[in-house]
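The numbers here are math on the coordinates, done by the rules we state, and not lab data. All figures in this text were calculated on a predicted structure; none of them were measured in a lab. In this analysis, Cβ positions are derived from the backbone assuming ideal geometry, glycine residues included, and neighbour counts consider all displayed protein chains.
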Amino acid sequence: MRNTRYVEIMNEITPITPTLLEGAIGDAIRVCEVAAPTGREERRAELVIHKLRNIGWTVERDGAGNVLAYWNQRPTKPLIVMAHLDTVHVGIKNIKVARDENVLQGPGIGDNSMGVAALLYLARAFRGHQGPLLLAATVAEESVGNLRGALEAVEDWNPSEVIALEGAGVEHLITSGPGSIRYRISLHGQGGHSWEDRSQASATHALVEILSQIGEEQSCESWNIGKISGGGIVSARAAEASAEIEFRDHSAEKLENAKQIVDQALQNLPKGLTGQKEMLGRRPGGRTSQDHPLVQSALKIREQYGLSQECAAVSTDANAGYGAGIPSLCVGLTHGELLHTQQEWCDVSRLEDSLNSLAQLVWERTSAI
Ligand SMILES: [Zn+2]
């Protein structure tokens with residue numbers, strides 16, 4: 001079912017045609033086949049720049065390495081639509097995407113080649129558009145990148161609103177994302193014989209103890225002990241031990257509180273042990289109210305295209321917007337599974353609806369802000 005305003009809107013922007021739809025799928029495949037692990041997005045960035053310039057957009061880069069495109073004039077307080085270039089897939093040579101009708105399979109096809117393809121679709125649909133629109137292909141979204149690209153784009157452009165694109169996740173509208181904070185904590189001592197030095201503090205004993213203490217005291221929506229290592233042999237007091245831990249919560253206050261709990265635990269170690277904590281990463285989080293016109297518009301348009309009204313919490317580039325207090329959301333384009341594995345696949349059956357509803361949302365928001 002088409003919105004009654006569809007014709008009006010689609011007179012201003014190019015409607016999706018079978019050729020454009022196939023073009024978007026072709027773009028996703030080409031983008032996917034250029035490897036872009038976090039920190040090494042350059043070749044994929046060059047491909048995207050080439051395509052954007054061919055369509056007629058003015059392209060610039062920033063210090064983070066983001067690709068930023070606008071039509072003729074640099075917009076002020078724009079709507080930024082962003083899709084991350086990077087993937088979690090390190091060291092795969094010769095990425096090949098397999099296609100079986102509506103199903104595409106390849107590492108990073110949904111996360112986030114399809115998102116980048118949707119950005120290129122918008123570049124085609126919004127040729128000549130005069131609204132305050134900035135298209136951003138961002139770097140460093142995946143875990144080790146800590147949203148460096150999205151954070152820089154939000155800081156530099158001070159957007160009115162942010163829409164992030166993810167290739168997977170068409171099943172819901174993402175209107176919130178938990179922030180996270182990650183540490184490696186390491187304990188060091190003298191160690192010794194397990195019987196003769198049994199009164200000597202052991203790093204492994206102390207680590208187990210402080211981890212259970214942290215677990216009891218912290219109050220985040222989730223916390224995780226991702227990795228534990230330390231000690232040497234079964235008959236020795238451990239001289240060293242370490243753990244990598246993560247906290248996730250929508251509230252910056254709760255994350256700050258978790259940090260203090262970790263600091264306190266490290267200050268109260270048994271005599272003979274020292275402890276350090278090292279920050280492995282931090283990303284902001286937050287949410288956009290259901291009542292905000294950005295969310296309201298998105299839900300209304302999704303309803304017209306028969307897309308689900310469910311709202312979900314996922315950490316995406318939109319987190320950079322939530323963290324800065326800017327109305328933000330994230331749109332998923334297809335149904336995808338096995339993300340972050342080499343068997344990742346996505347089903348493009350709903351791509352026409354998701355691209356049309358995305359175009360309509362961008363058109364409405366750039367007209368409203
Ligand atoms: Zn991902």
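Using the count of nearby Cβ atoms within 10 Å as a rough guide to exposure, how do Asp86, Asp100, Asp263 rank from fewest to most? Could you put the intermediate results ahead of the total?
Details: Asp86 27, Asp100 8, Asp263 12.
The order, fewest Cβ neighbours first, is Asp100, Asp263, Asp86.
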- Task: Take the alpha carbon atoms of the range 110-164, find their center, do the same for the range 308-332, and report the distance between the two centers in whole angstrom.
- Result: 13 Å
- Message: Per-residue counts of other Cβ atoms within 10 Å, averaged by peptide: what ranking do you get for 142-148, 276-282, 302-308, highest first?
- Response: 142-148, 302-308, 276-282
- Query: Ranked highest first by the average count of other Cβ atoms within 10 Å around their residues, in what order do 169-175, 191-197 fall?
  - Reply: 169-175, 191-197
- Out of the DSSP beta bridges found with both residues in the chain, what percent are antiparallel (nearest 5)? 70 percent
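Which of the peptides 287-298, 225-236 is most tightly packed, and how do the rest follow, judged by the mean count of other Cβ atoms within 10 Å per residue?
Numbers: 287-298: 17.0, 225-236: 12.3.
The peptides rank, most packed first, as 287-298, 225-236.
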- Residue exposure sequence - Ser328, Ser242, Ser176 - by fewest surrounding Cβ within 10 Å: Ser242, Ser176, Ser328
- Item | Taking Leu355, Leu20 and counting other C-beta atoms within 10 Å, the order from fewest to most | Leu20, Leu355
- Query: Can you list the HN-Hα couplings for the range 17-25, worked out from phi with the Karplus curve (6.51, -1.76, 1.60; θ = phi - 60°), rounded to whole Hz and with x for Gly and Pro?
  - Reply: 10, x, 5, 5, 5, 5, x, 5, 5
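In percent, how large is the relative contact order of the range 179-283, given Cα pairs closer than 8 Å and 6 or more residues apart? Display every interim value, and only then the final one.
On the way: 223 pairs, mean separation 47.6, N = 105.
Value for the range 179-283: 45 percent.
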- Message: Using the Kirkwood radius over C-alpha pairs as Rh, can you work out the diffusion coefficient of the range 184-334 via Stokes-Einstein at 37 °C, viscosity 0.692 mPa s, in µm² per second?
- Response: 179 µm²/s
- Output the relative contact order of the chain, whole-number percent, from Cα pairs under 8 angstrom with separation of 6+ residues. 23 percent
- Quick one: plug the Kirkwood hydrodynamic radius of the range 102-237 (C-alpha pairs) into Stokes-Einstein at 25 °C, 0.890 mPa s, and report D in µm²/s. 123 µm²/s
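Give the Rg/Rh ratio for the chain, taking Rg as the radius of gyration of the Cα atoms and Rh as the Kirkwood radius, to two decimals. List each step's numbers first, then the result.
Numbers: Rg = 23.5 Å, Rh = 22.0 Å.
Dividing the radius of gyration by the Kirkwood radius yields 1.07.
So what's the net charge close to Ile55: Lys and Arg +1, Asp and Glu -1, counting the other residues with Cβ under 15 Å from its Cβ?
Details: positive: Arg30, Lys51, Arg53, Arg124, Arg127; negative: Asp27.
Neighbour charge sum, excluding Ile55 itself: +4.
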- The answer for the net charge of residues other than Leu120 whose Cβ lies under 11 angstrom from its Cβ, with Lys and Arg +1 and Asp and Glu -1, is +2
